[in-house]
Each structure stands twice: as C-alpha cells, then as structure tokens.
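Below you'll find the structure, written out as structure tokens, and then a few comments.
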Amino acid sequence: MSASDGLTGISDQIGGAASEATAVPLLRVSGLSRNFYGVQAIQAADLEVRPGTITGLIGPNGAGKTTLFNCISGVIPPDAGRVIFDGEDITGWRPERISRRGMVRTFQIARGLPRLTVLENLLLYGIDQPGEHLGRLFLLPGAVATREAALTEQAIAIADKLRLTEVLNNRADAVSGGQKKLLEIGRALMTRPKLILLDEPIAGVNPSLAAEIADRLVRLREEEGLTFLIIEHDMDLIARLCDPVTVMANGRRLAEGSFDEITHNPDVQEAYLGSREWAS
Ligand SMILES: Nc1ncnc2c1ncn2[C@@H]1O[C@H](COP(=O)(O)OP(=O)(O)OP(=O)(O)O)[C@@H](O)[C@H]1O
Ligand SMILES: [Mg+2]
C-alpha cells in the first residue's frame, strides 16, 4: 500500500529516539529458541528495545516474528533463552503477570469479545477489573463502584485519544476494520503499560486510516512516554515510524539499525530476495 501522503510529516515528529540510544534497554531478549514439532520457529534470537523508541521488527513471512512475540509476552514458553524486561527476568511468566508488570501485546488477528461494546471491551482489560474478584463485590461494594467509575473514566479517555468516542457503545464486531485495530491498541492501553508489542497494527487497513493509526502511536509515545515494538510488513510505515529496525530471518536476528542502514545491508536484501513486500 502507499500511505506515503498521509504519513508525511510523522517522521519529523519522531526526533529524540537517537538521543536515548545509549539508555539501558527496557526489553532485552537473548538466545530465545522455540521448536514446534521439528520446526525451529526461533533459534537463539536476540533483540533489544530501548526506552522511548518505536522499534520495528521486520522479516519475511515465517521468519519467526510472531513466535518471538509469543515467547516474550508469555503466550508460549521458550525452549531456551531469557527475556529481561525493565530490569527483571520475566522468562516463562504468564501473560497476565507480564501485563501487570508493564508489557502488553496485541495480536496479528484482533481478539476481544465481538458481542460486547467497544466500551465493555476496554473495561475488560482494566487493571484489577472488579468482576475478576467476585468476593469483593460483597465485601466492599462501595470500593468496587468507585473503581469501576475510575476504569470507565480511563476507558473514555483512551477512546478519546484513539478517536473511538463515537463508537463506544457500538458492538465490537460492528465497527470498521481500522477501528478494530484501534480498539486492540486501546485494550492494551487499559493495562497502563510501559511497553506495547504490536503485531501488524495496520495490516488490512486503508491508507488514510493507517496514517491515522501511525499518528496515534507517535502521539502516545510523545504524550504518555510509551515505548513500542512493532511487527509490520508495510515498509512505508516502518521507514517513517521506526528507529531502530531489527530484521529477523530464519528464526534469528539478521541485522539491526536505522531503516536506511538495514535497507542497504546485503544480507537483508538477500533475505528478502523474491519477497513482494520489499519492492512495495
Ligand atoms: N503453533 C505453531 N505450531 C507449529 N508451527 C508453528 C506454530 N507457530 C509458528 N509456527 C511455525 O514457525 C515459523 C515462524 O512462524 P511465525 O508465525 O512466528 O512467523 P512470522 O515471522 O510471524 O510470519 P508472518 O510474517 O507470516 O506473520 C513458521 O514456519 C511457522 O509455520
Ligand atoms: Mg506473524
């Protein structure tokens, strides 16, 4: 797709990432491996995400990007390797514990509960959602009501940031494809994360909405101090949004650098040889 026009100018707003390049990584993945019935999906994969960056993760289909996300976010355990997040070894932790610690991810195929409204979907992901602790409904009904009001306020504020206000009371399955993507990001924001992992946030979204999503991400980084790790096949988005970019191929890190550096890297060019997405 060509989101060039709509995305123009976003790269100008991204300044600052380079000056933080020396900071201690917020996420450090080392030697991560995972085998599926003989298929080595990731093999001693390494990755760093520095605080305040929008880091890109690219690579041909089947390179192991989603598997790496799954192992980092606790969806599946790695066979080997370590995941250090915000100074703590979180390897093998469950996803809920990882999200409470400050890292959350979205899925390549949007999840959530389609029959619930956008607002209800957001509330489901609020930290310490009262419904999860039924006992408290009887013990502290006043506290639960207060907490629910605070969560609703938080959900409304997030919907406002993502321009979802008008569809808050619509069923999640009735909103547009792009709004579903934004809702996915909104649900992640409800956990008040430090780091959000996005798996193909603009796949299947029309160019103008893709540009809008990109703009929202830049603003969230600027205004909320969030850090992002983004898997995306859309090279235009990667070029304009991400610095640095990590390239994966055959289950491991092949290269890391600015978009300009990695596109001029012969190993990267070879890994993408014959791949349609590189030329687009
Ligand atoms: N649950 C699974 N069971 C078996 N094999 C799997 C599983 N998940 C991933 N794989 C395999 O692991 C390899 C890496 O897949 P993965 O989905 O991580 O790639 P990807 O880089 O995200 O690709 P894409 O860009 O197409 O989304 C592929 O060969 C895939 O078939
Ligand atoms: Mg994938």
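Taking first residues from region 238-258 that are farther than 24 Å from Arg216 by Cα and part of a strand (DSSP E or B) and partners that are open to solvent by 60 Å² or more (accessible area, probe 1.4 Å) and of a type in the set (S, T, N, Q), the Cβ contacts under 6 Å between residues at least 6 apart in sequence or on separate chains come to Arg252/Gln43.
Filtered by the rule that a residue be touching a strand residue (DSSP E or B) at 6+ places or on another chain (Cβ under 6 Å) and either open to solvent by 70 Å² or more (accessible area, probe 1.4 Å) or among the basic types (Lys, Arg) (or both), region 244-261 gives Arg252, Arg253, Glu256. Within region 39-66, restricting attention to residues that are in contact with a Cys (Cβ under 8 Å, 6 or more places away or on another chain) and aliphatic (A, V, I, L, M), which residue is nearest to ligand 2 (Cβ to nearest atom)? Per the stated criteria, the residue is Ile42.
The set of residues in region 186-237 being among the small types (Gly, Ala, Ser) and part of a loop (DSSP other than H, G, I, E, B) consists of Ala203, Gly204, Gly225. Exactly one residue among Ala80, Ala18, Ala23 is open to solvent by less than 40 Å² (accessible area, probe 1.4 Å) and either at pLDDT 95 or above or under 20 Å from Val218 (Cα atoms) (or both), and that residue is Ala23.
Test Ala63 against the stated conditions and say whether it is touching a helix residue (DSSP H, G or I) at 6+ places or on another chain (Cβ under 6 Å) and within 15 Å of ligand 1 (Cβ to nearest atom). Judged against the criteria, Ala63 is not a match. Of Phe69, Phe36, all but one fail to be in contact with an Asp or Glu (Cβ under 8 Å, 6 or more places away or on another chain) and within 16 Å of ligand 2 (Cβ to nearest atom); the exception is Phe69.
Go through (1) in the same structural domain as Gly81 (by TED's automatic domain parsing); (2) open to solvent by less than 50 Å² (accessible area, probe 1.4 Å); (3) modelled with pLDDT under 95; (4) not hydrophobic (A, V, I, L, M, F, W, C) one by one and return the number of the condition Glu223 breaks. Here Glu223 meets the rest and fails (2).
The values are calculated or read from the model by the stated rules, or taken from the named source; none is laboratory data. All of these numbers come straight from a predicted model, not from anything done at the bench. Using ideal geometry, Cβ is built from the backbone for each residue, glycine included, and neighbour counts are taken over all protein chains shown. SASA here: full protein model, heavy atoms, side chains in, ligands and nucleic acids out. Shrake-Rupley method; radii C 1.70, N 1.55, O 1.52, S 1.80 Å.
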